[in-house]
Amino acid sequence: MQGFNKYYPPDFDGSKHSSLNAYRGKHALGDRARKIDQGILITRFELPFNIWCGTCNNHIGMGVRYNAEKKKVGNYYSTPIYSFRCKCHLCDGWFEIQTDPKNTRYVVVSGARKKEEDWDPEENGGFAVHDTDPNAAPVDPLAALEKSTDAQNHMNKVQVPRLEALQSHSDHFGSDPYALSLRARKKFRVEKKIDKEKKLVDDSLKSKYGLPETLSLTAESEDTRAQAKEEWLRGRQEFEAQQMSKKRKLVDVGVVPRLPPALRSSSSKSSESSSSNLPNPLESLRTRILRNTASKTRLKSSGLKR
Ligand SMILES: [Zn+2]
């Protein structure tokens, strides 16, 4: 075991032994470095996916940890590729898993079988992930030249004039902000004055007729005046027609007696004895109620018979 304290024994010679670990003939990582001369360091490795052991064919779940022999086996550009060699805990078989920096994942190299549970977008209704095509044909230099010439022409004939026009437009409106602001404020001041006067008139009108504060009135002109007159006339006519029809209805029902006496005598036949010839609204109402109750009792008695 490597030393854990700073005790220097009496026979420790700094010139001979460079460190305490060297004095004891131990590596700083202790027993885990027992195969360091073969380039192997023993590390704790956790299975990144489910596998089946190739020797005993048992299922080994994701997350099971092993004392794996970690070793550098190559490079992907400057990234080292590591291999982890683990001994199955259910049998004596070994399996090896390597890192895959290109695809940022782990691959089973030997001794086991990975359970394929990776998310496949194509299988699940998405789009497949494609690498850029390595076998694409080389670019045609003439076509490329034509394209660049077209782009140059487009820039000279369309884009540059457009940019210049925008620039001059911007200069026109941005060159003298003081004068522009002055003009704008002068205009607004005049408009504000007119608006204020109009509001004063409107408010007095609203308060006169008890209209709500939020109601906005239209500006007065010949047209609106004529329209308003028209509307008023129409409304008046409608109101009169309504009143007339109401009166006619009352006469039909009998609440208000008809004017010709010949017609009246037929409606007040049952109350001949009590009534005089003068039209009496109270009397006619009484007659109607009596007639109605009589008809109702008649209906009831006929229903009983049946
Ligand atoms: Zn096994």
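The values are calculated or read from the model by the stated rules, or taken from the named source; none is laboratory data. Just so we're clear, the structure is a prediction, and the values are computed from it rather than from any experiment. Cβ placement follows ideal geometry from the backbone for every residue including glycine, while neighbour counts extend to all protein chains displayed. Just the protein is used for accessible areas: all its heavy atoms, side chains included, with ligands, DNA and RNA removed. Shrake-Rupley method; radii C 1.70, N 1.55, O 1.52, S 1.80 Å.
Numbers at a glance
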| read-out | value |
| --- | --- |
| Cβ-derived FRET efficiency at R0 25 Å, W119 paired with T79, nearest 0.05 | 0.60 |
| Degrees between helix 160-174 axis and first principal axis of the chain (Cα, 0 to 90, nearest 10) | 60 |
| Probe 1.4 Å, protein heavy atoms only - accessible area per residue of region 1-156 in square angstrom | 74 |
| Debye, to nearest 20: dipole size of region 1-138, +1 on Lys, Arg Cβ, -1 on Asp, Glu Cβ | 960 |
| Value of relative contact order over region 31-114, rounded to a whole percent, pairs C-alpha under 8 Å and six or more apart | 25 |
| Neighbour count of at most 11 Cβ within 10 Å plus DSSP loop: longest GluC sites (Glu not before Pro)-free window in the chain | 1-115 |
| Separation of the M244 and A219 label points, Cα + 7 Å toward Cβ, nm | 4.1 |
| Along principal axes, Cα extents of the chain, largest first, whole Å | 152, 90, 62 |
| Isotropically averaged projected area of region 31-114, using the convex hull of Cα atoms (one quarter of hull area), nm² | 5.6 |
| The chain: calculated mean residue ellipticity at 222 nm from DSSP helix runs of at least 4, using -39500 (n - 2.57) | -14500 deg cm²/dmol |
| Mean separation of Cα contacts under 8 Å (6+ apart) over length of the chain, as relative contact order % | 7 |
| Accessible area of the chain belonging to carbon and sulfur atoms, whole % at 1.4 Å probe | 56 |
